[in-house]
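Let me begin by presenting the structure, written as structure tokens, before commenting on it.
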Amino acid sequence: MKALVYHGAGKKFWEEKAPPQLIESTDAIVRIVKTTICGTDLHILKGDVPTVDAGRILGHEGIGIVESVGSSVRNIKVGDKVIISCITVCGSCRYCKRQLYAHCKDGGWILGHKIDGTQAEKVRIPHADNSLHRLPDGVDEAAALMLSDILPTGFEIGVLNGRVQPGHTIALIGAGPVGLSALLASQFYSPAHIIMIDTDDNRLSVAQQFGANTVINPAHQNIVEEINKITDGIGVDVAIECVGIPATFKICQDIITAGGSIANVGVHGKSVELHLEELWIKNISITTGLVNTSSTPMLLKSVQSGKISPEKLATHHYPLSEIERAYDIFGNAAKEKALKIVLTAE
Ligand SMILES: [Zn+2]
Ligand SMILES: [Zn+2]
């Protein structure tokens with residue numbers, strides 16, 4: 001089969017690999033129908049994630065058809081169309097018992113990281129009963145693809161951790177795929193005012209189409225002044241950080257109101273300044289996390305009923321065999337106006 005293989009920093013090839021085999025009785029082999037590229041894959045390619053070995057097939061998002069299952073798999077059948085969760089869930093370890101699937105002792109984020117991933121014609125999925133979600137007929141495939149990672153991430157780590165409530169004024173910092181997913185998911189809770197902050201005017205106009213009431217571009221606007229105008233000078237109830245650099249985490253601290261929540265979603269590569277000398281008196285909470293994907297079944301129902309339309313995040317479509325070109329486009333996302341690139345197997 002063909003697969004996108006990582007060969008050390010800066011190197012990747014679409015090349016021939018041996019097809020995956022069942023190893024454990026709890027495994028399934030899934031033939032990929034659609035996959036996509038994540039910002040995390042670009043971090044790996046930069047060499048930022050040293051736990052990824054050369055020779056690894058990348059990718060942790062996808063939908064596919066189950067080709068074979070191990071003898072202990074009960075809920076998933078050959079021929080099922082499934083969403084592959086970016087988080088592998090054993091279901092029985094200490095963390096899984098607390099629904100902290102991100103930290104599963106025999107799973108967590110391993111796909112395209114510690115084991116071969118989804119940017120391939122086929123993939124082996126461990127603990128298939130808990131790590132795959134059966135996809136009902138009639139659900140848009142591009143929408144379902146967003147349920148592997150980015151929609152649950154925006155919802156769980158942004159909206160739920162940030163405790164968005166009806167009537168809140170919320171600010172999202174970063175209008176990438178995850179920030180826009182958080183924007184979509186925040187509307188389950190009817191916030192009174194949604195503010196999107198980003199330096200890319202194209203992404204800000206997408207955010208407006210997705211329901212943002214106000215957009216702020218710090219390249220030519222003062223964020224604190226604009227937010228003070230909207231909030232009568234008190235700041236926002238929830239700030240959701242979806243970038244992962246010190247400057248954007250500082251913005252959250254500058255705009256949060258007393259009693260508010262800062263929910264960090266961004267992947268940080270270096271330490272940030274925490275202004276406790278100002279925040280200690282403000283009764284705020286700061287949360288962090290890696291997605292558990294415990295919300296995926298609920299989000300799938302919301303997609304199926306048309307309450308949320310994450311397929312809007314799919315801006316580019318290519319055949320799977322053109323994945324190297326897709327990486328080039330995704331690597332120049334601002335110039336190419338790319339959000340999520342959908343790769344479909346022929
Ligand atoms: Zn991802
Ligand atoms: Zn576990």
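Throughout, read-outs are computed from the coordinates displayed, never taken from laboratory work. Quantities reported herein were computed from a predicted structural model and do not represent experimental measurements. Methodologically, a virtual Cβ is constructed for each residue, glycine included, from the backbone with ideal geometry; neighbour enumeration extends over all protein chains shown.
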Item to complete: Quote the relative contact order of the range 152-288 in percent (integer), defining contacts as alpha-carbon pairs under 8 Å separated by 6+ residues.
Response: 25 percent
Item to complete: Once you've got the GNM for the chain with C-alpha springs shorter than 10 Å, pick whichever of GLY233, GLY176, GLY158 has the biggest mean-square fluctuation.
Response: GLY233
Item to complete: Pull up all non-local amide H partners of LYS12: gap of 5 or more, or a different chain, and H-to-H distance under 5 Å with H placed in the peptide plane.
Response: HIS7
Worksheet item: So what are the ³J(HN,Hα) numbers for the range 273-288, from phi and the Karplus equation (6.51, -1.76, 1.60; θ = phi - 60°), rounded to whole Hz, Gly and Pro as x?
Response: 8, 9, 8, 5, 5, 9, 8, 4, 8, 9, 6, 8, 10, 10, 10, 9
Discussion item. Once you place label points 7 Å from the Cα toward the Cβ at ARG163 and LEU42, how far apart are they in nm?
Written reply: 3.4 nm
Practice prompt. Return the distance in nm (one decimal) between the two label points of a simple spin-label model at ARG325 and ASN228, each offset 7 Å from Cα along Cα→Cβ.
Written response: 5.1 nm
Worksheet item: Can you list residues whose amide H is under 5 Å from ILE262's amide H, if they're 5+ apart or on another chain and H is modeled 1.01 Å from N?
Response: ALA239, SER285, ILE286, THR287
Item to complete: Mind checking the full-extension length gain between GLN21 and LYS114? Use 0.36 nm per residue of separation minus the Cα-Cα distance, one decimal, nm.
Response: 31.8 nm
Worksheet entry | Separation between Cα centres of the range 299-325 and the range 148-196, rounded to whole Å | 18 Å
Response to the item:
Residue-normalised 222 nm signal for the chain, counting each DSSP H run of n ≥ 4 as -39,500 (n - 2.57), nearest 500 deg cm²/dmol, is -6500 deg cm²/dmol
Fill in: Distance in nm between pseudo-label sites at ALA54 and HIS268 (7 Å out along the Cβ direction from Cα)
3.3 nm
Discussion item. What are the ³J(HN,Hα) couplings of the range 117-124, residue after residue, when phi is run through the Karplus curve with 6.51, -1.76, 1.60 and θ = phi - 60°? Round to Hz, x for glycine and proline.
Written reply: x, 9, 8, 7, 6, 9, 9, 8
Worksheet item: How many lysine pairs are close in the range 1-101, with Cα atoms under 15 Å apart and the two 8 or more places apart or on different chains?
Response: 6
Discussion item. Just to confirm my numbers, what's the Cα centroid distance between the range 40-94 and the range 280-296 in Å?
Written reply: 25 Å
